[in-house]
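Data block below; observations after.
Read the figures in this text as sums done on the coordinates, not as results from a lab. Quick caveat, the model's predicted, so the values are computed rather than measured. Reconstructed Cβ throughout: ideal geometry from the backbone, glycine too, with neighbour counts over all protein chains shown.
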Amino acid sequence: MNIEELSKSQLILLTILVNFVTSVATGILTVSLLDQAPPFVTQTVNRVVEHTIETVAAAPAAAITAPAPSDQDLVTNALAASSARFALIYDPKIGTSTPAIAIGTYLPKARAVVTATQSALPQEALVEFPDGSFVPASVSHADQSLTIYGFADSATLPKAVSPVLVAAKDLKLGETALAITTDGAATTGIISRVADDGVHTTLPNIGSGSSAVDLLGNLIGIAAGVTPGLLVSADQVRVLLSATTTAATPSH
């Protein structure tokens with residue numbers, strides 16, 4: 001049969017057959033030559049093969065990129081973190097059978113609870129944490145807007161993630177603000193304005209002393225309780241925590 005009379009399919013099959021036969025012949029020839037070659041040649045070839053296998057095996061696998069968390073995941077995680085820092089403040093002279101005097105936000109790293117200043121706050125308090133534990137506390141710092149309760153060094157406090165205190169200058173208009181209200185309900189809003197009197201948001205009245213956080217669970221501010229949505233900025237919390245003396249104490 002004339003090769004020019006072959007169809008395209010037959011030509012392809014013929015090419016494959018020739019390559020196969022050539023590969024087999026080459027393999028047989030190589031093995032035969034290695035059997036007849038001096039030992040040092042065989043050792044060199046084996047080392048090259050082993051090194052090639054080790055290099056391929058050691059090559060790092062392609063990095064697996066984890067999917068970015070969804071907006072819903074961010075919201076639920078931030079609210080969970082905020083809920084874990086939710087604290088209730090009681091007057092030990094009255095007891096815990098009556099409603100709490102105030103709501104506070106637990107700051108694990110500082111071993112403190114911050115709340116909005118009000119006249120009913122006692123100097124010595126009993127703080128209830130989300131796990132149901134009660135720990136005595138006393139006023140460590142206070143000004144006209146915020147009051148901070150501290151705990152004894154020997155006090156055993158629950159574990160929680162410490163929030164980053166977000167500076168007012170880093171807040172952006174339209175940024176999401178999340179909060180847990182006094183009745184335990186979750187609510188969302190946005191930052192509408194940052195001014196000298198505080199951080200204005202579209203949050204409803206979340207309760208004096210409640211905190212608002214961003215999508216990462218970081219502290220934006222503490223509800224002042226005067227105007228719905230108005231927060232005392234986290235800057236003031238930071239300043240008060242670092243103060244060496246108490247500027248003012250709640251009146252009784």
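Provide Ile191, Ile206 in ascending order of the number of other Cβ atoms located within 10 Å of each residue's Cβ, fewest first. Let's see the in-between values first.
Details: Ile191 24, Ile206 27.
Listing Ile191, Ile206 from fewest to most nearby Cβ atoms yields Ile191, Ile206.
Full-extension gain between Thr202 and Arg238, please, as 0.36 nm times their residue separation minus the C-alpha to C-alpha distance. Intermediate results must be reported in sequence, preceding the final value.
On the way: separation 36, 0.36 × 36 = 12.96 nm, distance 2.36 nm.
Using 0.36 nm per residue and subtracting the Cα-Cα distance, I get 10.6 nm.
At a 10 Å Cβ-Cβ cut-off, how would you order His200, His141, fewest neighbours first? All intermediate terms of the calculation are to be shown ahead of the outcome.
Details: His200 19, His141 23.
Ranking His200, His141 by Cβ neighbours within 10 Å, fewest first, gives His200, His141.
Tell me the Kirkwood radius of the stretch 71-242: reciprocal of the mean inverse pair distance over distinct alpha-carbon atoms, in Å.
15.7
Which order do Val199, Val164, Val135 fall in if you start with the one that has the fewest other Cβ atoms within 10 Å?
Values: Val199 26, Val164 15, Val135 18.
Neighbour counts put them in this order, fewest first: Val164, Val135, Val199.
Between Val226 and Val164, how high is the FRET efficiency from 1/(1 + (r/R0)^6) when r is the Cβ-Cβ distance and R₀ = 30 Å? Nearest 0.05.
Numbers: r = 26 Å, r/R0 = 0.85.
Taking R0 as 30 Å, the efficiency between Val226 and Val164 is 0.70.
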